[in-house]
Amino acid sequence: MQEHPSSSVVGPTDMGLDKLLGLLRIRIKRGLNLAVRDVRSSDPYVVVRMGTQRMKTRVIRKDVNPEWNEDLTLSVTNPEEPVFIEVYDHDTFSMDDSMGNAELDIQPFVEALKIHPKGLPNGTRIKTIQPSRSNCLVEESSVVWRDGKIMQDMCLRLKNVECGELQLQLQWVDLPGSKAL
């Protein structure tokens, strides 16, 4: 039996899965004091980008202190690649307005993963990242071992806007058969 030339089986190496280190789950918790882009409020949503991946939260109507509590999961092949976070105001009849952005360097988080902290007491702080000019952190943020997982809670100050912060949580998801860190 001959195979049709246009059909092919796509294997893990063809899809780049051989380079996959794991998954980065970003929980978009809430926005704080976001910019007003409509008459009295905004209809915010968050877009997360890493390389060619793009994910977004649902729109929260008329709220400058929205609570999303949504998980967005990115495939990580290069831990040096930054995560871009943008907040927009949804508009029905015109282009959505920018409500600020932030860039997230996941390298400190990935460095903490390399410690392989299995067996540590719950709540153990593995690494602490200080706010600086090179990150958007509002305050000190710690990578911790909690409930058998490595997590990092953080609050990011949005750039290119008059006000606004985003609270999020990073969590690493190991995949069976993925390239080890």
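The values are calculated or read from the model by the stated rules, or taken from the named source; none is laboratory data. Treat the numbers as computed from the prediction; the structure is a model and nothing was measured. Quick reminder, even Gly has a Cβ in these numbers, built from the backbone with ideal geometry, and neighbours come from all protein chains shown.
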### Query
From the list Asp174, Asp105, Asp147, Asp153, which one is within 19 Å of the chain's Cα centre (by Cα), at pLDDT below 90 and either over 23 Å from Ile28 (Cβ atoms) or not small (Gly, Ala, Ser) (or both)?
Asp174
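Condition (residue is of a type in the set (Val, Ile, Thr), on the phi < 0 side of the Ramachandran plot and touching a Gly at 6+ places or on another chain (Cβ under 8 Å)) applied to the range 140-159: is it met by at least one residue?
yes
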### Message
I'd like to know if the range 59-78 contains one or more residues that are modelled with pLDDT under 95, of a type in the set (Asp, Glu) and under 16 Å from the mean Cα position of the chain (by Cα).
### Response
no
